[in-house]
Amino acid sequence: MNNIENPNFVAKKDLHEKTGERNIYGKEKFSPEKAKEHVESIIDDFKDYYSSLGYREENPVLISSGVDSTVRFVGSQISVLKPYFLEKRVPTPGIFMRQDCVRTKNINRFLDEDFMPAWGSYFPNMGAIAPPERIFEGCQNTFDFFEKKLQIDPENILIRISSTDQDLIDACRKRYGDRNLEIDSRDISYYRHKLGIDGVRGRNCNIALRNSDGEGFSDVGNLIIIENSESKLCLEMSIGPSTSLKQIFGLDHVQDCNPVVGLESVDKKFRRKFEDSIITSTVLMREGLRPFGQHNRNRILKRYIQSMSYFRSRCAIKTEELLKIISDFENREFPKSDINVSGVMVEFLEAFENEIVSKKDLTEEQQKIKSALLLLNKK
């Protein structure tokens, strides 16, 4: 069951049609030129809100920093905040931060044309932790952020939760009663977090916002109790800026929060993966990574860049066109930076293509890319 069937929690589609609002939140989709402004605005709202509560701000790290040895790339702010709860020194009332993240699950299915990713590999995240004695207050702080700072009506908030997590249920029920709770609708693994630390686990509920057309809900954040066999260590609060903006503004995809202009007319089965390869490659190369060497991070970056060859071939985009698309994306997303990697990225892509066309000993993935290149060259 994906959506609760509560008579007091009916879809808002009829109301939307009667009021004539753009969507149930009174918003309309923003343009690519305004995307960065909206992302930074919601992050600033998050920072201002938690700062006003007395939470201390933690500085972000590079995605490829290696600060957490259990992951190749920082995929959550918890990688940065682990020392605080492991050493039982989470300050009162807590710590908050903005952290850019990369999760690379998509790359394993990029060349599968039946695979349509719902998420991008790269995303900014907003998170906070509170000490164990403030679990209840931390949950209420998060609900207040959505309701008071983002102006989300409680009727558009849904908490997906497990009946086995009574402490989380109590905190949510105290705020909303039962009408906003969707209990045991998913497999138990959905409510559990792995942290890469022996003996430490997370138990979570997911916060979902109603879809902008009034039909159904999509997850935008978590409340996670992190604990070991002896005691609770902290409450983690994690909120996605892009997932939240997608819901509130009715965006087609989370990647519209950091759009790659110039791919709107390509085949739909390639577009979002093509965007993902450009976005993730650009972000990682701007951190200094390059697609060579033996480290896993470099090899993963190489796969993202190689996949761009496949997508540009299938979409019949010339390298000079691709260079402009990447350069425009980089200039829009990082307008105040002197760093520009678009030219270097395309140089690596061209070198790979020249090598792979004449090479015979190829992996299955490389052979698929080669076939696409050869087909393009015949046109």
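The values are calculated or read from the model by the stated rules, or taken from the named source; none is laboratory data. Please read these numbers as outputs of a predicted model, since none were measured by experiment. Cβ sites come from the backbone with ideal geometry, for glycine too, and all protein chains shown count toward neighbours.
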inquiry  = Take residue 99 and tell me if it is among the polar types (S, T, N, Q), crowded, with 16+ Cβ neighbours inside 10 Å and either part of a helix (DSSP H, G or I) or in contact (Cβ under 8 Å) with a residue 12 or more places away in the chain (or both).
reply    = yes
inquiry  = Let me confirm something: among 150, 81, which residue is farther than 30 Å from residue 310 by Cβ, surrounded by 21 or more Cβ atoms within 10 Å (Cβ to Cβ) and modelled with pLDDT of 95 or more?
reply    = 81
ask   = Is it true that some residue in segment 152-165 is within 30 Å of residue 274 (Cβ to Cβ) and touching a strand residue (DSSP E or B) at 6+ places or on another chain (Cβ under 7 Å)?
value = no
ask   = Residues in segment 368-376: is at least one assigned to a helix (DSSP H, G or I) and within 29 Å of the chain's Cα centre (by Cα)?
value = yes
message = Pairs needed: first member in segment 274-295, under 14 Å from residue 107 (Cα atoms); second member anywhere, among the aromatic types (Phe, Trp, Tyr); C-beta distance under 6 Å; at least 6 residues apart or different chains.
response = 274/311; 277/304; 279/122; 280/122; 280/304; 281/304
Which listed residue, of 293, 214, is over 30 Å from residue 133 (Cβ atoms) and either touching a Cys at 6+ places or on another chain (Cβ under 7 Å) or in the same structural domain as residue 65 (by TED's automatic domain parsing) (or both) = 214
inquiry  = Take the residues in segment 243-260 that are closer than 16 Å to residue 328 by Cα and not in a loop (DSSP other than H, G, I, E, B); name whichever of them is farthest from the chain's Cα centre (by Cα).
reply    = 256
inquiry  = Just the residues that are surrounded by fewer than 24 Cβ atoms within 10 Å (Cβ to Cβ) and part of a strand (DSSP E or B), please, taken from segment 222-232.
reply    = 222, 225, 227, 232
task = Return yes or no: is residue 176 more than 22 Å from residue 99 (Cα to Cα) and in the same structural domain as residue 251 (by TED's automatic domain parsing)?
result = yes
ask   = Assuming residue 169 fulfils every condition listed in (1) hydrophobic (A, V, I, L, M, F, W, C); (2) part of a helix (DSSP H, G or I); (3) in contact (Cβ under 8 Å) with a residue 40 or more places away in the chain apart from one, which condition is it?
value = (3)
request  = Name the single residue, out of those in segment 145-166 being in contact (Cβ under 8 Å) with a residue 60 or more places away in the chain and of a type in the set (Asp, Glu), that is nearest to residue 79 (Cα to Cα).
outcome  = 165
query = What are the residues in segment 317-335 that are farther than 21 Å from residue 37 by Cβ, without any contact (Cβ under 8 Å) to a residue 24 or more places away in the chain and loosely packed, with under 15 Cβ neighbours inside 10 Å, if any?
reply = 318, 320
ask   = Restricting attention to segment 351-367, which residues are among the charged types (D, E, K, R) and surrounded by 13 or more Cβ atoms within 10 Å (Cβ to Cβ)?
value = 353, 365
query = Which of the residues belonging to segment 108-127 are outside any strand (DSSP E or B), over 11 Å from the mean Cα position of the chain (by Cα) and crowded, with 21+ Cβ neighbours inside 10 Å?
reply = 110
